[in-house]
Amino acid sequence: MNRNKLVEAKVPFVFSKENKEELDKHISKYPDGRGASAVMPALDLAQRQNAGWISKEAIETIAATLKMPVIKVWEVASFYTMYNLEPVGKHLIQVCRTTSCWLRGSEEVLSSCRKYSGADVGRPSKDGLFSLMEVECLGACVNAPMVQINDDYYEDLDAEKMKNIIEDLKAGKNHSIGPQVNRLNSAPITGALTGIDTKAEKGQS
Ligand code: FES
């Protein structure tokens, strides 16, 4: 993912009425003259409005709105990998490659993403549906391996489960989020292991 240059959309960026109202709420949390403190929510709102990425025009609009130098807005946008500085597919798949996920099969999950989405790391699919990123730990290690797609986590994956998710997204269907095995959130896969009456288990009264 490009983080070194601003990409022009070649159309002006203007916050929608709803997003401008939302941004004004964030700005109002800070003392007068400190609107720059709202730069992160401003970037997030701009990205959501702009099909998942932040254009040069959006950076300039944010800078003017928050009375900041353009370079300061760009510094923040290029530091945090959650901001995309180039166009992305409709579904941005972030594959965790850190230790727990790697040990549990993230290589196979990534291969499945490549094979079925048509995207590769740094190259969106031709149909514009998918982009693929390798990322560091997303904090769901107990459900490794996992991916994040847009705002949602898909956990306890393998190559086949990843394929099914991608096929559903291609078909415009909803796919259940969270664990892809039979467990609640990150509860033990074998069922509850706490709150067991050990005396009853041993047949004692
Ligand atoms: S190592 Fe993948 S979520 Fe932590």
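Taken together, the values in this text are just the output of simple stated rules run on the coordinates, not laboratory data. If you're wondering where the values come from, they're calculated on a predicted model, not measured in any experiment. Here Cβ is always computed from backbone atoms with ideal geometry, including for glycine, and neighbour counts include all displayed protein chains.
May I ask what percent, to the nearest 5, of DSSP beta bridges between residues of the chain are antiparallel?
45 percent
Counting only residues 5 or more places away or on other chains, whose amide H sits under 5 Å from the amide H of Phe130 once H atoms are built in the peptide plane?
Residues meeting the amide H criterion: Lys90, His91, Ser125.
When Lys and Arg each count +1 and Asp and Glu each count -1, what net charge do the other residues less than 13 Å away from Val76, Cβ to Cβ, add up to? The partial results should precede the final answer.
Working: positive: Arg3, Lys72; negative: Asp44, Glu75.
Around Val76, the charge tally is 0.
Given R₀ = 22 Å, what would the calculated FRET efficiency be for Glu160 paired with Asp127, taking r from the Cβ atoms and rounding to 0.05?
My answer for the efficiency is 0.50.
So, R0 is 35 Å and r is the distance between the beta-carbons of Ala187 and Ala51; what FRET efficiency does that work out to, to 0.05?
On the way: r = 36 Å, r/R0 = 1.04.
About 0.45, to the nearest 0.05.
Scan the chain and hand back the longest stretch that contains none of the GluC sites (Glu not before Pro) lying in DSSP loops with at most 12 other Cβ atoms within 10 Å.
The answer is 9-135.
So, in the range 33-155, how many Lys pairs have Cα atoms under 21 Å apart, if the pair is 8 or more places apart or on different chains?
Here the count comes out as 6.
Report the local net charge at Ile189: Lys and Arg +1, Asp and Glu -1, summed over other residues whose C-beta lies under 10 Å from its C-beta.
So the surrounding residues net to 0.
Remind me, what semi-axes does the range 1-68 give for its equivalent ellipsoid, largest first in whole Å, using sqrt of 5 times each Cα gyration tensor eigenvalue?
21, 13, 10
For the range 1-143, go through all pairs of different Cα atoms, get the mean of 1/r, take its inverse, and jot down that Kirkwood value in Å.
Computed over Cα pairs of the range 1-143, the Kirkwood hydrodynamic radius comes out at 16.5 Å.
Within a Cβ distance under 12 Å of Glu8, other residues only, what is the Lys/Arg minus Asp/Glu net charge?
Within the 12 Å Cβ shell, the charges total 0.
Taking the Cα centre of the chain as origin, work out the dipole magnitude from +1 charges on Lys and Arg Cβ and -1 charges on Asp and Glu Cβ, in debye rounded to 20. Numbers along the way, then the final one.
Details: 26 positive and 27 negative charges, 49 e Å.
My answer is approximately 240 debye.
What residue among Leu129, Asn150, Asn174 has its Cα farthest toward the positive end of the dipole of the range 91-179, where the charges are +1 on Lys, Arg and -1 on Asp, Glu, each on the Cβ?
Most positive-ward Cα: Leu129.
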